[in-house]
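Data first, discussion second: the structure below is written as structure tokens.
The values are calculated or read from the model by the stated rules, or taken from the named source; none is laboratory data. The model shown is predicted, which means the values in this text are computed figures rather than measured ones. Cβ sites come from the backbone with ideal geometry, for glycine too, and all protein chains shown count toward neighbours. Heavy atoms of the whole protein, side chains included, go into the accessibility calculation; ligands, DNA and RNA do not. Shrake-Rupley method; radii C 1.70, N 1.55, O 1.52, S 1.80 Å.
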Amino acid sequence: MADESELIYFYCAVSTTASKRSLVTRALLVTLVLTVLAPIAASQTDKVKISVDVSKAGPKIDRNLFGQFAEHLGHGVYEGIWVGPNSRIPNTRGIRNDVVAALKAIRVPNVRWPGGCFADEYHWRKGIGPERVVTLNPNWGGVIEPNTFGTHEFMDFIDQIGAEAFLSINVGSGSPQEAAEWLEYLTTLQPTTLSKERAANGHPAPYKIAYLGIGNESWDCGGNMTPDYYVSQLKIYSRFVRNFNPTQSSNNQMLKIAVGPGGNEPRFIEWTDAVMKAWKNRQWSWDLQGLSLHNYTVIHWDKKFSSVGFGESEYNRILKATLEMENLISSYSAIMDKYDPEKRIALVVDEWGAWYAPLPGSNPDFLVQQNSVRDAILAALNLNIFARHGDRVRIANIAQMINVLQSMIMTDKEKMVLTPTYYVYKMYVPFQDATFVPVAFNAGTYTHGDITLPRVDAIAAKDAKGKLWLEITNLDPNKPIEIEVSLAGLNAKSAAGETLTAPRVDSVNTFETPTTVVPKRISAKVEHGAVSLKLEPKSITVISVEK
Ligand code: AHR
């Protein structure tokens with residue numbers, strides 16, 4: 001008889017409405033798995049069998065789950081995106097061409113800007129027009145904030161990479177009037193004084209603002225508000241910060257996102273409940289379409305793990321910690337379900353990722369860390385969790401896009417290197433807006449020291465053309481795994497794709513050695529409609545199946 005720990009990951013059709021799962025249904029599911037599937041529980045050496053029923057469909061894997069976050073923090077914006085039009089680094093209107101090309105290739109759907117904590121101290125008028133106001137960035141090292149990258153530069157940047165705008169407005173130290181005027185400036189078609197000023201600054205047409213975050217972490221860096229105080233602010237900002245762009249009046253409406261919980265502290269149950277209850281009892285005058293969740297993977301805030309030079313126990317402790325995202329989403333979704341059973345309010349995980357100790361020699365306020373194959377696996381596990389909760393989780397933004405925390409890209413003057421996490425985002429492009437397909441498997445566990453993890457994670461999805469895509473992660477850093485995928489409802493003829501792995505758990509890409517962790521082609525064997533392939537230790541594999 002398999003024990004429960006060997007059956008960590010079994011996703012059947014139930015997972016398509018995963019956030020509906022109560023503790024009771026989860027217990028029933030485990031019982032079902034224990035009794036029905038125990039005889040086929042995988043031993044550590046067996047082939048792992050994965051079944052995909054291609055005729056079943058779950059929620060859409062919204063492309064916005066692959067969103068990015070760019071805060072005025074360290075070299076995230078200045079140097080990472082903005083080098084200025086006079087730089088010798090090749091640029092278009094001051095924005096780095098190499099970074100734009102790399103980001104276009106991963107089809108970034110939206111970028112959250114200008115923060116983070118920075119957003120609640122940002123005053124947009126200082127960053128428009130020919131004369132920029134030079135201020136400080138008190139949150140992140142007290143360095144000079146030249147405001148040379150402001151509203152127009154941000155909108156130009158997202159236009160160059162083909163993404164949509166997710167603006168975080170200043171609730172902490174701003175005012176409803178300041179935020180309302182920012183939106184009027186950005187979105188008005190009629191010749192108001194503000195829209196004429198926008199035109200004079202180079203953009204006659206109204207901008208599209210797809211997402212509006214109303215404050216950031218208002219329970220801490222955003223003003224340390226109580227739930228009730230925040231809710232009263234939320235109603236005011238939701239009412240008065242209007243989008244006047246005529247193309248966004250009906251179908252294309254700007255989605256307003258409230259500050260939600262941050263991690264698993266007990267106080268966030270009350271916070272989530274307060275915001276959702278207020279929404280349920282709302283009057284006609286205000287509304288909401290999203291609730292934010294922030295959750296970083298960190299073991300000790302005051303003694304963070306290193307992003308380089310670590311071993312297997314730091315590898316598996318971080319991965320164990322990151323899997324907590326599943327519980328967090330399930331428990332906050334359950335609170336949301338109480339007030340919003342139809343799931344009209346999206347859970348927006350607009351800050352997530354690994355947070356390690358600053359790299360030695362870097363400014364500790366700039367949150368510079370390396371990015372290893374461990375982070376690639378961490379990213380895949382989280383993206384899979386979001387996909388399984390796709391009925392509730394419809395936007396997510398990894399922190400942060402360039403040079404900060406778990407970034408896609410690192411730059412040093414004219415040099416640029418793509419991180420292992422970047423390659424995961426590239427491999428997952430086919431999952432953007434694809435339809436989730438339930439997957440069932442029982443791969444057993446991998447144990448090191450006192451930490452036990454599932455050996456395997458996997459998701460499947462059908463793209464717009466009906467092609468099936470499969471992602472399989474082997475968490476075990478030591479052993480390869482033979483996989484056999486049976487595909488009900490699909491007569492497979494061939495399968496191929498890419499795999500990402502590395503020699504060591506702490507392998508990274510550097511400016512000098514940029515190809516240590518890069519995807520390689522992989523082909524699978526197809527016999528009698530079943531797909532077989534071997535997964536390297538600590539690897540992420542994405543394949544498509546041809547019929
Ligand atoms: O991403 C870095 C910081 O983490 C953000 O500014 C803040 O929102 C969070 O605490």
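Which entries in Lys235/Lys343; Lys47/Lys465; Lys304/Lys338; Lys47/Lys493; Lys104/Lys303; Lys56/Lys277 show an alpha-carbon gap greater than 27 Å? In this structure, Lys47/Lys465; Lys304/Lys338; Lys104/Lys303; Lys56/Lys277 lie more than 27 Å apart at Cα. Kirkwood hydrodynamic radius computed over the stretch 115-164 comes to 11.7 Å, based on all pairs of distinct alpha carbons. The stretch 214-337 gives an Rg/Rh value of 1.07, both radii derived from C-alpha positions and Rh following Kirkwood. Between Lys534 and Ala488, the distance separating the two model label sites (each 7 Å from Cα on the Cα→Cβ line) works out to 3.1 nm.
Loop only per DSSP, at most 13 neighbouring Cβ atoms within 10 Å: give me the GluC sites (Glu not before Pro) in the stretch 313-358, ordered by residue number.
Values: sites: Glu314, Glu324, Glu326, Glu342, Glu351; in loops: Glu342.
The qualifying sites are Glu342.
With all projection directions averaged, the alpha carbon convex hull of the stretch 42-183 covers 13.9 nm². Straight-line cross-link reach from Lys280 at under 20 Å between alpha-carbon atoms covers these aspartates and glutamates, not counting any fewer than eight positions away in the same chain: Asp228, Glu270, Asp337, Asp340, Glu342, Asp391. Shape summary: the stretch 414-546 maps onto an equivalent ellipsoid whose semi-axes, from the alpha-carbon gyration tensor, are 26, 20, 13 Å in decreasing order. Taking only the alpha carbons of the stretch 147-200, we obtain Rg and Dmax values of 12.1, 31 Å in that order. Normalised by 2.2 N^0.38 Å, where N is the number of residues, the alpha-carbon radius of gyration of the chain equals 0.96.
Heavy-atom accessible surface of the chain, averaged per residue, reaches 39 Å², computed with a 1.4 Å probe. Contact order, relative form, for the chain: 20 percent (alpha carbon pairs under 8 Å, 6 or more residues apart, mean separation divided by residue count). Note on Glu178 and Lys520: their simple-model spin labels are 5.3 nm apart, each label 7 Å out from Cα toward Cβ.
The stretch 286-431: D in µm²/s via Stokes-Einstein (Kirkwood Rh, Cα pairs, 25 °C, 0.890 mPa s)? Approximately 152 µm²/s, per Stokes-Einstein. Computed from the Cα positions only, the extents of the stretch 184-265 along the three principal axes stand at 46, 26, 20 Å, in decreasing order. Kindly provide log₁₀ I(q)/I(0) values, in the same order as q = 0.12, 0.16, 0.19, 0.22 Å⁻¹, from the Debye equation applied to equal alpha-carbon scatterers of the stretch 121-253. After summing over all Cα pairs, the log10 values are -0.50, -0.89, -1.22, -1.47. In this simple spin-label approximation, Thr510 and Ile144 carry label points 7 Å from Cα along the Cα→Cβ vector, and these lie 3.1 nm apart. The value given for the stretch 370-467 is a Kirkwood hydrodynamic radius of 15.3 Å, derived from the mean inverse Cα-Cα separation. Fully extending the segment from Asn201 to Ala57 would add 47.1 nm, taking 0.36 nm per residue of separation and subtracting the current Cα-Cα distance.
Exactly which trypsin sites (Lys or Arg not before Pro) in the stretch 59-99 are in a DSSP loop and have at most 16 other Cβ atoms within 10 Å? Mind showing how you got there, number by number?
Values: sites: Lys60, Arg63, Arg88, Arg93, Arg96; in loops: Arg88, Arg93.
Of the trypsin sites (Lys or Arg not before Pro), the ones in loops of the stretch 59-99 whose Cβ has at most 16 other Cβ atoms within 10 Å are Arg88, Arg93.
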